[in-house]
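A short write-up of the structure that comes next.
The values are calculated or read from the model by the stated rules, or taken from the named source; none is laboratory data. Note that the coordinates shown come from a computational prediction; the quantities given were computed from them, not determined experimentally. Counting neighbours? That spans all protein chains shown, and the Cβs are built from the backbone with ideal geometry, glycine included.
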Amino acid sequence: MGEIGLDQQPGAAKRWRTMSVATGIAGLAALVLVIVSQSLLLAGETEPDFDAPAAEILHFLEAQNETLYAAGSYLSLLALMTMAWFVAGLSAVLRQAEGDPAWRSAVALASGIVFVALVMTGGWQVGQFRLDDGLDPQLARFAFDLGNLGFANSWIALGSFMLAAGWIIVDSRSLPAWLGWWALVAGVGFLIARAVWLSPVWLIPYALFWVWVVVVCVQLVRRRIDITRA
């Protein structure tokens, strides 16, 4: 891939290099934080299925370790913020590769921020927070469903992000074309997954997304991305 040579301003290449590395590190950090936070959040009990009965959901919330759960909740917020950094940085790279009018990179940025906002609203974590005050099974199920539905809705935003990013990559060849097609497949997968959100099929595009993030981040850190203006 080509060098990061976007204009002739002094220090421009260094600034883009700094952004490229920071974006790659942010994406990798987001994955690590997601893994650690989910491990802490689920330390007490395996998470029930989306359509689990109310009694099972209440038992799940009651089985969590309060300290580990609080730590996991905090780290999950950090994961979302580092994901926002990754989305912003990658969108800037895609915007430069896309050229004017840079509407697809704008869609990618907006979609990524919507994804972060939807997941950050929480839901069933609120139920665990109020557990000591007394939580009946129906309220536990409501909090659980609210969180899961917000997560499922975020797949539409994540699918939009992947479709926009994949389209730019295939069109501009700023990254290998297969990474663009990979993103497009994952994006379509997220749209399908939301239509059948109670099914575990969402795990397929979700896994494809995170592997794609890792590959893109490695490319960014190693300076193997061509962002010469199209």
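Return yes or no: is Phe115 in contact with a Phe, Trp or Tyr (Cβ under 9 Å, 6 or more places away or on another chain) and assigned to a helix (DSSP H, G or I)? Write out each step before concluding.
Working: in contact with a Phe, Trp or Tyr (Cβ under 9 Å, 6 or more places away or on another chain): yes; assigned to a helix (DSSP H, G or I): yes.
So Phe115 fits the description; yes.
For segment 30-51, the set of residues classified as aliphatic (A, V, I, L, M), surrounded by fewer than 18 Cβ atoms within 10 Å (Cβ to Cβ) and modelled with pLDDT of 85 or more consists of Val32, Ile35, Val36, listed by residue number.
Okay, residues lined up against (1) surrounded by 16 or more Cβ atoms within 10 Å (Cβ to Cβ); (2) in contact with a Lys or Arg (Cβ under 8 Å, 6 or more places away or on another chain); (3) in a helix (DSSP H, G or I):
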residue: Gly147; (1), (2), (3): yes, no, yes
residue: Ala152; (1), (2), (3): yes, yes, yes
residue: Trp155; (1), (2), (3): yes, yes, yes
residue: Ala164; (1), (2), (3): yes, yes, yes
residue: Ala183; (1), (2), (3): yes, no, yes
residue: Ala186; (1), (2), (3): yes, no, yes
residue: Val201; (1), (2), (3): no, no, yes
residue: Cys217; (1), (2), (3): yes, no, yes
residue: Leu220; (1), (2), (3): yes, no, yes
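Residues in segment 58-77 that are within 21 Å of the chain's Cα centre (by Cα) and of a type in the set (Phe, Trp, Tyr) were compared, and the one that is modelled with the lowest pLDDT is Tyr69.
One residue stands out in segment 1-29 among those that are among the β-branched types (Val, Ile, Thr) and buried (at least 18 other Cβ atoms within 10 Å of the Cβ): the one that is modelled with the lowest pLDDT, namely Ile4.
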